[in-house]
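Visitor: Right, I'll just put the structure down here and ask away after.
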């Protein structure tokens, strides 16, 4: 998303399909982030909202396979991506490009540039491929802690046990590395 312009529209515009479509067209928006709930709503009721987009990043909850497949069928040229990331890591941590219809849980993908992802057990030891564990994210986007919450900061924001000088965030989310190199969220 480097080099693009950011357009922020009102809450009313986001919730009104015709206003949102007008804003997308007026500002020639080609890349958009949308929450999962809103994506599901528009893919079911007002799929035309996505017509002129080149990229649509969706995240915030587990993606619905029927909604994803409907959008892929209607707009095969659209780059549709599942994104994952806690606020503590400046919103996005991983990305998965959805290039074909889905039949099972949609992965959360691989770490974005300048980010890392580790799957660990309770002792903070790396889990093997296929084993479930806690997701720890690191990289340039990780915050430094919670305001006036030193105990919680100490619990969640840690020095990386795997990379010198890296600061990480313990998400508490359960994931595993699949054999194809992408993260699956449970």
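Visitor: Once you compute Rg and the Kirkwood Rh from C-alpha atoms, what is the Rg to Rh ratio for the stretch 11-84? Walk me through the intermediate numbers first.
Guide: On the way: Rg = 11.2 Å, Rh = 12.2 Å.
With Rg and the Kirkwood Rh in hand, the quotient comes to 0.92.
Visitor: I've got another one for you. Calculate the spin-label point distance for residue 131 paired with residue 38, positioning each point 7 Å from the Cα along the beta-carbon direction, and give it in nanometres.
Guide: Here the answer is 4.0 nm between the modelled labels.
Visitor: When a/c reaches 1.5 or more, the comparison of a/b and b/c decides; with that in mind, is the stretch 1-42 rounded, prolate or oblate per its Cα gyration tensor? Walk me through the intermediate numbers first.
Guide: Values: a/c = 2.03, a/b = 1.34, b/c = 1.51.
The shape class here is oblate.
Visitor: When DSSP beta bridges are limited to those with both residues in the stretch 23-147, what percentage is antiparallel, rounded to the nearest 5? Spell out each step's value before the answer.
Guide: On the way: 14 of 24 bridges.
Percentage antiparallel, nearest 5: 60.
Visitor: Over the chain, what is the relative contact order in whole percent, taking alpha-carbon pairs under 8 Å and six or more residues apart? Walk me through the numbers before you get to the answer.
Guide: Numbers: 333 pairs, mean separation 26.5, N = 186.
Relative contact order, the chain: 14 percent.
Visitor: Summing -39500 (n - 2.57) over the DSSP H runs of n ≥ 4 in the chain and dividing by its residue number, what mean residue ellipticity at 222 nm do you reach, to the nearest 500 deg cm²/dmol? Can you show the working numbers first?
Guide: Working: 5 runs with 42 residues, N = 186.
My calculation for the chain gives -6000 deg cm²/dmol from helical runs alone.
Visitor: Now a separate question. How would you rank 170, 149, going from fewest to most other Cβ atoms within 10 Å of each one's own Cβ?
Guide: On the way: 170 18, 149 11.
Ranked by crowding around the Cβ, least crowded first: 149, 170.
Visitor: If I model a spin label as a point 7 Å beyond the Cα along the Cα-Cβ vector, how far apart are those points for residue 27 and residue 124 in nm?
Guide: That separation, rounded to one decimal, is 4.1 nm.
Visitor: Among (i) 17.9, 52; (ii) 15.9, 47; (iii) 19.8, 62, which one is Rg and Dmax of the Cα atoms in Å computed from these coordinates?
Guide: Calculated Rg and Dmax of the Cα atoms in Å: the matching label is (i).
Visitor: Expressed as an acute angle from 0 to 90° and rounded to the nearest 10, what is the orientation of the C-alpha long axis of helix 36-45 relative to the principal long axis of the chain?
Guide: 20 degrees
Visitor: Does the stretch 115-185 classify as rounded, prolate or oblate by the C-alpha gyration tensor (a ≥ b ≥ c root eigenvalues; a/c under 1.5 gives rounded; else a/b over b/c gives prolate, otherwise oblate)?
Guide: Numbers: a/c = 2.12, a/b = 1.83, b/c = 1.16.
Prolate shape, in that a/c is at least 1.5 and a/b is the bigger ratio.
Visitor: Given an 8 Å cut-off on Cα distances and at least 6 residues of separation, report the relative contact order of the stretch 30-114 as a percent. Please report the intermediate quantities before stating the final value.
Guide: Details: 145 pairs, mean separation 21.5, N = 85.
Result for the stretch 30-114 is 25 percent.
Where a number appears in this text, it was derived from the coordinates with a stated rule and is not lab data. Note that the structure is a prediction, hence the values are computed from the model and not measured. Note that each Cβ is placed from the backbone with ideal geometry, even for glycine, and that neighbours are counted across all protein chains shown.
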